[in-house]
1. Among the residues in region 291-301, are any among the acidic types (Asp, Glu), out of contact with any strand residue (DSSP E or B) (no Cβ under 8 Å at 6 or more places or on another chain) and surrounded by fewer than 21 Cβ atoms within 10 Å (Cβ to Cβ)?
2. Taking only pairs six or more apart or across chains, which ones have beta-carbon atoms under 8 Å, a first residue in region 339-350 that is at pLDDT 90 or above and of a type outside the set (A, V, I, L, M, F, W, C), and a second residue that is in a strand (DSSP E or B) and open to solvent by less than 30 Å² (accessible area, probe 1.4 Å)?
3. Which count do you get for residues in region 148-165 that are within 25 Å of Ala69 (Cβ to Cβ) and either at pLDDT 95 or above or under 16 Å from the mean Cα position of the chain (by Cα) (or both)?
4. Looking at Gln232 and the list (1) within 22 Å of the chain's Cα centre (by Cα); (2) surrounded by 13 or more Cβ atoms within 10 Å (Cβ to Cβ), which single condition is not satisfied?
5. Among what's in region 470-512 and is assigned to a strand (DSSP E or B) and either of a type in the set (D, E, K, R) or farther than 30 Å from Phe78 by Cα (or both), pick the residue that is most open to solvent (accessible area, probe 1.4 Å).
6. Quick one: in region 442-464, of everything that is in contact with a Gly (Cβ under 9 Å, 6 or more places away or on another chain) and farther than 13 Å from Gly496 by Cβ, which residue is surrounded by the most Cβ atoms within 10 Å (Cβ to Cβ)?
7. Here is a check on your reading of the model: is Tyr413 open to solvent by less than 50 Å² (accessible area, probe 1.4 Å) and more than 26 Å from Ile487 (Cα to Cα)?
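The values are calculated or read from the model by the stated rules, or taken from the named source; none is laboratory data. Remember, predicted model here, so these are calculated numbers, not experimental data. All Cβ positions, glycine included, derive from the backbone under ideal geometry; neighbour counts span all protein chains shown. For the accessible areas, the whole protein counts, side chains as well, though only heavy atoms, and no ligand, DNA or RNA atoms are used. Shrake-Rupley method; radii C 1.70, N 1.55, O 1.52, S 1.80 Å.
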Amino acid sequence: MIAITGFAGRSEAQDTLTHQQAVDDIRYMLGLLEETHPDPYSAFGGRVGFKREAQSLPEQVPREGMTRAQLYSLLRTFFGKLRDGHTYVSSPPSSGSRVPLRYLPVRFGIATDAVFVQGTTEGFEDLIGYRLVAVESIPIEQAAARAAMVRPSENEFAAQRWLLVYLRSNRGARRVFPDIEDGLAVRLAAPDGRIVERRLPYQLERSAYYDGPWVAERWEDIEAAPGPFYWQLVGETNVGYLRISSIVGREAYEELQAVGRQDLRDQVENYYARYLGDSVPTDIDDALERIPCFTQGIFELLTTMEGRGSEHLIVDLRGNGGGWSSLVAPFLLLVYGEEYFEYDYPSEFVTRISPSFLSLNGKSLAEYNAERGTSYELGDLVFSEENSLASRMDRTAYAKELEALGCGLADHYKELGGAALYNPQVVVLVDPATFSAAYQFMYRMWHLGAKLVGVPSSQAGNAFTDVTPYKLPNSELEGSIARSAQIFFPGDEERGRVLSPDFPMAWSDFARYGFGEQSEVRYALALIAAGLLPH
């Protein structure tokens with residue numbers, strides 16, 4: 001079976017499925033899951049437990065059939081038990097018959113010990129800083145557990161994150177609380193400890209929620225810029241600040257081009273739609289020319305910091321949902337140099353050899369084996385310890401490998417002779433939305449001496465990863481299945497579930513900065529000023 005992302009001859013998805021169509025979709029999904037995922041069994045107690053749950057799914061389809069929404073509900077409950085943030089089914093698009101989409105007049109934030117109101121529209125500003133205790137009379141911990149059954153969650157911070165994602169709109173809230181209508185009943189704890197009951201109306205249109213004015217603590221020293229990454233020196237502190245909202249850049253796409261990835265144009269189109277708002281040129285080389293190089297940005301940042309004698313660099317990965325893990329190489333090489341090249345991470349990756357994996361890379365099984373001198377069969381697992389680069393190749397060979405990334409990184413590496421361009425003390429800002437490749441980036445910097453500030457990631461260190469998209473043939477429900485596993489903390493179950501920052505931020509830490517969106521930046525600057533993050 002091969003994962004496919006489109007089906008010919010259909011103008012739109014059927015909203016109502018026959019019994020056989022629904023059963024066929026379920027069996028298709030289960031077959032794809034078993035042939036793609038490294039281990040779909042352990043979460044169910046083993047293969048027998050998995051089969052018991054899986055084989056019960058077709059039996060739950062009514063003889064008269066079901067709607068796409070009902071099939072989605074059935075599958076999402078099954079996926080929720082995997083507790084794998086990369087393996088899920090997405091909700092079907094809303095139809096015109098649905099009630100109008102509306103949003104809450106509040107935004108919530110997450111601290112290590114509380115969920116709290118971080119911003120509001122006018123008329124609700126008295127709630128800023130209030131902690132969320134219960135939703136619809138359900139304690140916050142139980143409400144988060146409900147959300148984890150809608151979207152698979154790898155730890156408690158993931159469950160809280162998805163609860164807040166769903167609660168912000170009336171349609172999303174119904175996935176967790178089906179009886180929600182035009183408002184949300186909440187129990188809040190005021191800063192002085194008083195418990196208050198409020199009903200928050202779903203009243204904002206989408207544009208007002210995402211673009212409208214919000215009442216919140218303002219701090220103007222960060223000059224936000226468009227694009228997936230930008231840098232500056234913060235105010236008069238002489239501290240470098242690098243904001244990375246997504247790990248994408250020209251290097252990633254040039255690497256895909258070099259290895260013959262079949263989805264290169266799709267990936268470039270996604271970048272253009274998100275950051276450039278333009279159509280992709282027909283010639284792919286012309287298209288790549290318009291995408292900024294991460295390498296160049298890091299080179300300019302470090303050169304400026306060295307010239308100014310700036311000893312600390314804040315790398316902001318808050319809200320970064322991932323991207324291309326290979327794109328961290330420019331940063332790690334230019335900041336850490338030979339230390340990164342020689343570092344032996346205590347981690348392992350496991351990848352399932354499946355038709356979808358081979359198809360994505362444009363290889364047959366025979367070609368894959370021939371390139372590597374292996375004899376894998378479909379279904380085999382590829383085990384690879386993350387040994388240091390130095391143990392696998394010399395600097396000359398590595399410089400040659402870097403040429404696939406483009407953007408002059410190989411030239412910089414050869415010119416530096418393995419040395420760092422500039423080596424400041426790195427401080428990494430994290431939050432529950434620091435995920436996937438962003439987590440891997442954080443993990444590598446942390447091993448190389450960076451200090452973590454903020455709230456733990458929703459990503460588990462020992463988890464499944466690498467997205468394989470799918471679309472079901474009848475319902476056209478879409479989703480993702482992980483094809484790899486990462487084991488970053490072998491033998492350490494707790495840290496493999498939650499990596500606590502070196503300087504975790506509780507509710508009281510956010511209170512110190514008015515619960516503003518830049519509280520983590522201001523806290524990091526205070527730590528630097530106090531000498532707690534020495535160079």
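1. So the first thing to find is which residues in region 291-301 are among the acidic types (Asp, Glu), and the list is 300.
Next, from what is left, pick out any that are out of contact with any strand residue (DSSP E or B) (no Cβ under 8 Å at 6 or more places or on another chain): none.
No; the residues of region 291-301 include none that is among the acidic types (Asp, Glu), out of contact with any strand residue (DSSP E or B) (no Cβ under 8 Å at 6 or more places or on another chain) and surrounded by fewer than 21 Cβ atoms within 10 Å (Cβ to Cβ).
2. Ser347/Gln486; Glu348/Gln486
3. So the count comes out to 11.
4. The single condition Gln232 does not satisfy is (1).
5. Checked region 470-512; the qualifying residue most open to solvent (accessible area, probe 1.4 Å) is Glu478.
6. Applying the first criterion (in contact with a Gly (Cβ under 9 Å, 6 or more places away or on another chain)) to region 442-464 yields 443, 455, 458-464.
Filter once more, so that each one left must be farther than 13 Å from Gly496 by Cβ: 455, 458.
On the way: Val455: 29, Ser458: 26.
Result: Val455.
7. In short, yes.
This table checks each residue for (1) open to solvent by less than 10 Å² (accessible area, probe 1.4 Å); (2) in a strand (DSSP E or B).
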| residue | (1), (2) |
| --- | --- |
| Leu242 | yes, yes |
| Tyr253 | yes, no |
| Arg265 | no, no |
| Arg274 | no, no |
| Asp286 | no, no |
| Ser310 | yes, no |
| Gly321 | no, no |
